[in-house]
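Working notes, structure below.
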Amino acid sequence: MKLNKATLFTSLLFCTGLSFASTTWMEEGINKNYAETVQLRRDIHRHPELGNQEINTQQKVVNYLKQQGIEVVTGWKNAPTAVIGIINPDKKNTVALRSELDALPIKENTGLSFASQSTGQFMGQEVPVSHMCGHDVHMAMLLSAAKILQQNKDKFNNRVVLIFQPAEEGDSIHDLFDENLPVSGANALVQDGLMEKYAIKRVFGIHVMARLPAGKMWIAQGPALNSVDDFIIKVEGKQSHGAMPWAGSDATLTAANIVVALQQIVSRNADLSSGMGVITVGKLTAGETANVMSGKAEMVGTIRSNNADIRQTLLTRIPQVAEGIADAAGAKAITQIVKIYPVTMNNPQLVETMVPLLQKQGIDAEINNWNPGASEDFSFYAQKAPGMFMFLGADAAGTSDVQNNHSDKFNVDETTMRTGVMAHLVAATSELE
């Protein structure tokens, strides 16, 4: 049988177990609410808050959702600033859409008329705060999509769970290496049973990205973002006069050899045919003065990988290598590793199914295995249910040499929010057969 494009598209949906109602209400809703979407973004942008302190942001989200008549849960066990919205609560098939609430401890230098002038407490210190990652855009897109979905809830058969989670950028209250560091962010929601509570079958997230044109969407089929873990290594040697190093054990030299040896873990222990790994020592401190051989040294660093097995290899070998190098030098190395986020994995079958649906609604979406190297706690949701994390372009037409996310000058072409809202609508209304 010869298939034309329309028949082929229908067959694809049938085979993958998803259906999608052809609608015009989506585009109409986006156009009608676009000015409000922009205003939402600018208001949120002007008033950012740090992770696990998003009290005012939480209230804005709650108020907006309730104004639309959406069922709201305020706070979620170990994520008290979270907001959960439920559309079509009596339906069975559940799709989750996720956004983040938190901002960064960065002073904004964009020159925007609605630029942040806010400050906040970061590890007990007052710091400038700004939405230099794009979470303000994410919230505005999901709130706008929520309004449109609620107004048209009789047109689709899914229950839609809206996840507005705190602390994607990390806990701003507790030090990362605090032995009593509480669980937070997506991990807290997942550990506290959110996915099971609503029987979530698919979960979607969007992140605006610099160096990608506004309106363009890239979606990886597999690893989308890397895992991230941090470590601290404390070296204990024996202090001595700088003229008599044989009388002690040099912590500085030991630490330097550990730094070099850590790089060899990636090149000699990791199976790089399966993926990539990076170990970076970002800070090294040692010594007191020029003529004293140091007795103590300390380094902190980060570990990244796009493969779970490689990640585990690096986590296992770092303390082994550090302890071995120190022992050979007559010193001692104590390693503390903090596991932060797993690899963000997009479900290949879900991506293969959803990209044609996005394209059918006019989105310039493509399967692209670009991995910018960053990390995301969306990974915890995707470990529980098939997930798809979408990169959405942030760059205005004609711009070049733009500032990346987390820069003090990061900015977003607001027109790209039309695409983001549409992607949420398509994801929310695609139905399991």
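The values are calculated or read from the model by the stated rules, or taken from the named source; none is laboratory data. The model shown is predicted, which means the values in this text are computed figures rather than measured ones. Quick reminder, even Gly has a Cβ in these numbers, built from the backbone with ideal geometry, and neighbours come from all protein chains shown. Each accessible area value is taken on the protein alone, full model and side chains, heavy atoms only, with ligands, DNA and RNA left out. Shrake-Rupley method; radii C 1.70, N 1.55, O 1.52, S 1.80 Å.
Using each residue's phi in region 302-319, evaluate 6.51 cos²θ - 1.76 cosθ + 1.60 at θ = phi - 60° and report the 3J(HN,Hα) Karplus result to the nearest Hz, with x for Gly and Pro.
These are the phi-based 3J(HN,Hα) values: 10, 10, 9, 7, 10, 9, 5, 5, 5, 3, 5, 4, 5, 4, 6, 7, 4, x Hz.
Which value at 222 nm does the chain reach when only helices count, each DSSP H run of 4 or more adding -39,500 (n - 2.57), with the total divided by all residues and rounded to the nearest 500 deg cm²/dmol?
-10500 deg cm²/dmol
With everything on Cα atoms, drop me the angle between helix 416-429 and the longest principal axis of the chain, reported from 0 to 90° to the nearest 10.
Between helix and principal axis, roughly 70 degrees.
For the pair GLN403 and GLN39, how long in nm is the line joining their label points, each one 7 Å along Cα→Cβ?
Using points 7 Å along Cα→Cβ, the separation is 2.8 nm.
Just the number: Rg to Rh for region 354-433, Cα atoms, Kirkwood Rh, two decimals.
Over the Cα atoms of region 354-433, Rg/Rh equals 0.99.
For region 226-339, I need the span (max minus min coordinate) of the C-alpha atoms along each principal axis, in Å, sorted largest to smallest.
Between the extreme Cα coordinates on each principal axis of region 226-339 lie 48, 21, 17 Å.
If we sort 95-102, 59-66 on the protection proxy, mean other Cβ atoms within 10 Å, highest first, what's the order?
Most protected by this proxy first, the peptides run 95-102, 59-66.
If the label point is 7 Å along Cα→Cβ of ALA328, which residues in region 257-274 have backbone nitrogen under 14 Å from it?
Residues 257-265 fall inside that zone.
I need the shape label for region 173-219. Rule: rounded when a/c is under 1.5, else prolate if a/b > b/c, else oblate, with a, b, c from the alpha carbon gyration tensor.
It comes out oblate by the Cα gyration axes.
Pull out the extension gain between LYS360 and ASN78, defined as 0.36 nm times the separation in residues minus the alpha carbon to alpha carbon distance; nm, one decimal.
Difference between extended and current length: 97.6 nm.
Return the long-range amide H neighbours of MET390 (sequence gap of 5 or more, or a different chain), with a cut-off of under 5 Å between placed amide H atoms.
The list, which skips near neighbours in sequence, is GLY205, ILE206, HIS207.
If you count the DSSP beta bridges with both ends in the chain, what percent of them are antiparallel, to the nearest 5?
Taking every DSSP beta bridge within the chain, about 70 percent pair in antiparallel fashion.
Take the eigenvalues of the Cα gyration tensor for region 164-305, scale each by 5, and report the square roots as semi-axes in whole Å, largest first.
They are 41, 20, 14 Å, listed largest first.
Quick one: helix 55-67 against the long Cα principal axis of the chain, what's the angle to the nearest 10°, folded into 0 to 90?
10
Hey, can you grab everything whose amide H is under 5 Å from the amide H of GLY75? Only 5+ residues off in sequence or another chain; H modelled, so Pro and N-termini drop out.
So GLY75 has HN proximity to ALA82, VAL83, ILE84.
List the relative contact order of region 226-339 as a percent without decimals, with contacts defined as Cα pairs under 8 Å and 6+ residues apart.
43
Within region 297-316, name every residue whose backbone N is under 14 Å away from a label modeled 7 Å from Cα of ILE232 along the Cβ vector.
Zone members listed by number: 297-302.
Provide the gained length on full extension for the span ASP309 to ARG211, in nm with one decimal, where the gain is 0.36 nm per separating residue minus the Cα-Cα distance.
Taking ASP309 through ARG211 to full extension adds about 32.3 nm, to one decimal.
Karplus couplings for region 254-260 from phi (6.51 cos²θ - 1.76 cosθ + 1.60, θ = phi - 60°), rounded to Hz, Gly and Pro as x?
Working through the residues one at a time gives 4, 4, 4, 5, 5, 4, 5 Hz.
Quick check of the Kirkwood formula: for region 305-375, what is the inverse mean of 1/r over all pairs of different Cα atoms, in Å?
Result for region 305-375, one decimal place: 15.8 Å.
Aspartates and glutamates within cross-link reach of LYS409: Cα-Cα under 16 Å, excluding same-chain residues under 8 positions apart?
List returned: GLU108, ASP136, ASP395, ASP401.
Over region 305-426, with a single point scatterer placed on each C-alpha, what log10 of the ratio I(q)/I(0) does the Debye formula yield at q = 0.14, 0.16, 0.19 1/Å?
So the normalised log intensities are -0.81, -0.95, -1.17.
Heavy atoms only, probe 1.4 Å: what % of the accessible area of region 226-339 goes to carbon and sulfur, would you let me know?
Looking at region 226-339 in its full context, I get 51 percent from C and S.
On a 0 to 90° scale, report how tilted helix 348-360 is relative to the longest principal axis of the chain, with both axes built from alpha carbons and the result rounded to the nearest 10.
50
So what's region 144-232 giving for Rg/Rh, alpha carbon basis, Kirkwood Rh from the mean inverse pair distance?
Rounded to two decimals, Rg/Rh equals 1.02.
Checking the cross-link filter: which aspartates and glutamates have an alpha carbon closer than 13 Å to that of LYS296, excluding same-chain neighbours under 8 positions apart?
Within the straight-line cut-off, LYS296 pairs with GLU236, ASP250, GLU288.
Computed on alpha carbon atoms, what radius of gyration and Dmax characterise the chain, expressed in Å?
Radius of gyration, then largest Cα-Cα span, for the chain: 24.1, 88 Å.
Students often check this: by mean Cβ neighbours within 10 Å, which of 38-51, 146-159 ranks highest, and how do the rest follow?
So the peptides 38-51, 146-159, ranked by packing, come out 38-51, 146-159.
May I ask for the Rg/Rh ratio of region 24-133, computed from Cα atoms with Rh as the Kirkwood radius, given to two decimals?
Result: Rg/Rh = 1.02.
Just order 395-408, 290-303 by mean Cβ neighbour count inside 10 Å, highest at the front, would you?
Packing order, densest peptide first, comes out as 290-303, 395-408.
Work out from phi, with θ = phi - 60° and the Karplus expression 6.51 cos²θ - 1.76 cosθ + 1.60, the ³J(HN,Hα) of each residue of region 113-118, listed in order in whole Hz, and give x for Gly and Pro.
5, 10, 4, 6, 10, 7
By a straight-distance test (C-alpha under 28 Å), which lysines pair with LYS153 as possible cross-link partners, with residues fewer than eight away in the same chain excluded?
Hits, sequence-local ones excluded: LYS32, LYS60, LYS66, LYS91, LYS92, LYS197, LYS201, LYS216, LYS360, LYS384.
Along Cα→Cβ, 7 Å out, is where each label goes; now give me the distance between the ones at LEU272 and PHE177 in nm to one decimal.
2.9
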